[in-house]
Amino acid sequence: MRDLMQQRKRLGVGIIGSGFMTRFHLYSWQAVRDADIRGIWSPNLDHAADAAALARLLRVGEAKPFGSITEMVNAPEIDCIWIIGPNHRRIENMEEIVQARKAGADLVAIASEKPLARNVGEALRMVELVEEADVLHGYLEDQLFTPSLVRSHEILWRRAAALTGRPYLARAAEEHSGPHNPWFWQGDLQGGGVLNDMMCHSVEVARFLLTEPGAPRTSIRPVKVSAQIASLKWSRPEYADHLRAWMGPEVDYHNRPSEDFARATITYEDDAGNTLIAETTTSWSFVGAGLRLSSELLGPEYSMKSDSLSSGAHIFISRRVQGDEGEDLVEKQNAEQGLMPVVGNEAAAYGYEGENRHFIRAFLDGRQPDLDFHAGLNVMEILMTAYMSAEQERTIYWKPDNLATFIPAVAQGTWKG
Ligand SMILES: NC(=O)c1ccc[n+]([C@@H]2O[C@H](COP(=O)([O-])OP(=O)(O)OC[C@H]3O[C@@H](n4cnc5c(N)ncnc54)[C@H](O)[C@@H]3O)[C@@H](O)[C@H]2O)c1
């Protein structure tokens, strides 16, 4: 495979999915130099064609829509596949890629959006499939590439931790007012509620902040997990009605709610036996200007604080400006008037630019990135341990035995909130 890659000067990428996240990746690709978007597959060919047209408009590649995943994997101009479809289609998407690969398709790498799968059993299957495919692989966790986090992490470790000792406490939160499509709200399709959907980010951000730059992820190890989930807003009768009207009858929070709040405290230990703590909080019940990503890192003589809604410009729009509702100021925007934050380049600020540059460079060099399907599996193991802890209302010591078969009550449709 290495020889093959040495002949390649740039990579051609085919994307599975043409929804919200694919558009973010297309915008981010304007900052990726060594690869082009050359194909999009989505079950709806018109949507795939629209996404391909956006790619061409943004000049990120001569993208065309494909009629099937198999056709796209077999196309000579496609070297890598980015899986950006819904969670409940991950395994079938992956099986089709691997089948084409085994039948002789030439492929360098596969990258998958978060979460790697809906539960540990499925995540193990994703790892098995990617190893059968014998390609490089990446787990797309954008927030580890957030420029302000990468810089502050590097500065604090180099300047302050080197002289006064390693950091011991990290906090990471992701909050917004609720996802944009019905499948996210359905526990069986998505894999859970906000814990599965968003705590995958916060767990990784906190672990990243607590890990010395360049050290392997195994340099800190989980010891125990304590978590809580709740349905604070969306199972209230008036909001369950609103959700059904907004998302459709299949989203029934009167009878089958998912959690819209989750918090977890994960205790880690480093190689020297130091105790480290990650506090993570996520919610779909936060009504502020829009998506808010916040984090902190605390050490013996230093600290860091970051908030995505406070890091750019703010604008003020008076009550006399009454335009249409939109998402043109910030992701998951809740208002068009008053004092509103503006994130200058969301694709950069949330980490997508750095993420895609990182994976493309590794794949072009024939290098396996650390942030791979095994990392995605590891995140899923922590998330499922958090669900166990929340369900049993107790701290769970790492690593519980039955992780591979555990399905959260939320995903089984039996959780009552
Ligand atoms: N990194 C992040 O912050 C972030 C944010 C949002 C979503 N995501 C992840 O990205 C993925 C896509 O989310 P989204 O927001 O674009 O969802 P979406 O609902 O907006 O789009 C999903 C896309 O998948 C397509 N699709 C439908 N059936 C499919 C199938 N059988 N196989 C493949 N694709 C199919 C749909 O046509 C649609 O284009 C999810 O796994 C989600 O968890 C990540």
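Report the local net charge at Lys224: Lys and Arg +1, Asp and Glu -1, summed over other residues whose C-beta lies under 12 Å from its C-beta.
Values: positive: Arg221, Arg394, Lys399; negative: Glu269.
Net charge in that neighbourhood comes out at +2.
Normalise the Cα radius of gyration of region 315-395 by 2.2 N^0.38 Å (N = residues in it) and let me know the number. Write down the numbers at each step before the final one.
Working: Rg = 20.4 Å, N = 81, 2.2 N^0.38 = 11.7 Å.
Ratio of Cα Rg to 2.2 N^0.38 Å: 1.74.
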**Message:** Explain nothing, just the number: relative contact order of region 108-156, from Cα pairs under 8 Å at least 6 residues apart, as a whole percent.
**Reply:** 47
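Quick check on packing: order 183-191, 250-258, 296-304 by the mean number of other C-beta atoms within 10 Å, highest mean leading. Show your work: numbers first, answer last.
On the way: 183-191: 21.9, 250-258: 18.7, 296-304: 17.1.
Those peptides, ordered most packed to least, come out 183-191, 250-258, 296-304.
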**Item:** Positive-end residue of Gln143, Cys80, Tyr253, charge dipole of the chain with Cβ unit charges
**Value:** Gln143
**Complete:** Yeah, region 232-350 with a ≥ b ≥ c from its alpha-carbon gyration tensor (a/c under 1.5 is rounded, else prolate when a/b outruns b/c, oblate otherwise) is oblate
**Ranked by how many other beta carbons lie within 10 Å on average, peptides 62-74, 29-41, 330-342 from highest** = 29-41, 62-74, 330-342
**Item:** Calculated log₁₀ intensity ratio I(q)/I(0) where the Debye formula runs over C-alpha points of region 140-203, q = 0.13, 0.16, 0.21 Å⁻¹
**Value:** -0.52, -0.68, -0.92
**Request:** As a check on your grasp of the helix formula, calculate [θ] at 222 nm for the chain: sum -39500 (n - 2.57) over DSSP H runs of n ≥ 4, divide by the residue count, round to the nearest 500.
**Result:** -10500 deg cm²/dmol
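Apply the a/c threshold of 1.5 to the C-alpha gyration tensor of the chain and tell me whether it is rounded, prolate or oblate. Could you put the intermediate results ahead of the total?
On the way: a/c = 1.25, a/b = 1.12, b/c = 1.12.
Here the chain falls in the rounded category.
Give the relative contact order (percent, whole number) for region 256-302; include only Cα pairs under 8 Å separated by 6+ residues.
Details: 36 pairs, mean separation 15.0, N = 47.
Across region 256-302, relative contact order equals 32 percent.
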**Message:** I want to check the label-to-label distance for Arg361 and Gln412. Put each point 7 Å from Cα in the C-beta direction and report it in nm to one decimal.
**Reply:** 4.6
**Message:** Can you say what percent of the DSSP beta bridges in the chain, counting only those with both residues inside, are antiparallel? Round to 5.
**Reply:** 60
**Asked** Excluding same-chain residues fewer than 8 positions from Lys233, which lysines have a Cα within less than 27 Å of its Cα?
**Response** Lys114, Lys332, Lys416
**Asked** Scattering from the C-alpha atoms of region 1-151 alone, worked out with Debye: what is log10 I(q)/I(0) at q = 0.10, 0.17, 0.19, 0.20 1/Å?
**Response** -0.32, -0.98, -1.22, -1.34
**Prompt:** From Cα coordinates alone, what are the radius of gyration and Dmax values for region 175-311 in angstrom?
**Reply:** 17.3, 54
**Message:** Show me, bin by bin at 5 Å from 0, the whole-percent P(r) of region 370-417 based on Cα pairs.
**Reply:** 5, 19, 28, 23, 15, 7, 3, 0
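Placing unit charges on C-beta atoms (Lys and Arg positive, Asp and Glu negative, everything else neutral), compute the dipole magnitude of region 99-251 about its Cα centre in debye, rounded to 20.
Working: 17 positive and 19 negative charges, 150 e Å.
That gives region 99-251 a dipole magnitude of about 720 debye.
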**Item:** Separation between Cα centres of region 158-190 and region 329-370, rounded to whole Å
**Value:** 15
**Asked** Does region 278-318 come out rounded, prolate or oblate, given a ≥ b ≥ c as the square roots of the eigenvalues of its C-alpha gyration tensor, rounded meaning a/c under 1.5 and, failing that, prolate meaning a/b above b/c?
**Response** oblate
**lysines whose Cα lies under 23 Å from that of Lys9, excluding same-chain neighbours fewer than 8 positions away** = Lys64
**Request:** May I ask for log10 I(q)/I(0) of region 277-417 at q = 0.15, 0.18, 0.19 Å⁻¹, from a Debye sum over the Cα atoms as equal point scatterers with solvent left out?
**Result:** -1.10, -1.19, -1.20
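Taking 0.36 nm per residue of separation and subtracting the Cα-Cα distance, what length does fully extending Asp370 through Lys224 add?
Values: separation 146, 0.36 × 146 = 52.56 nm, distance 2.35 nm.
Length gained between Asp370 and Lys224: 50.2 nm.
Listing Phe24, Phe316, Phe359 from the residue with the fewest other Cβ atoms within 10 Å to the one with the most, what is the order? If you can, show how the numbers build up before the last one.
Values: Phe24 17, Phe316 9, Phe359 27.
Least to most surrounded, the residues fall as Phe316, Phe24, Phe359.
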**Message:** What aspartates and glutamates does Lys224 reach when the alpha-carbon gap must be under 20 Å and sequence neighbours fewer than 8 apart in one chain are set aside?
**Reply:** Glu204, Glu269, Asp270, Asp271, Glu279, Glu381, Glu391, Glu393, Asp401
**Request:** Quote to one decimal, in nm, the extra length available between Arg217 and Asn181 on full extension: 0.36 nm per residue of separation minus the C-alpha distance between them.
**Result:** 9.7 nm
**Complete:** With bins of 10 Å, the percent of all Cα-Cα pairs of region 205-254 per bin from 0 is 21, 25, 14, 22, 18
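Readers should treat all values here as calculations from the given coordinates under stated rules, not as data from a laboratory. Because the structure is predicted, anything quoted here is derived from the model rather than measured. With ideal geometry, Cβ positions are generated from the backbone for all residues, glycine too; neighbour counts draw on all protein chains shown.
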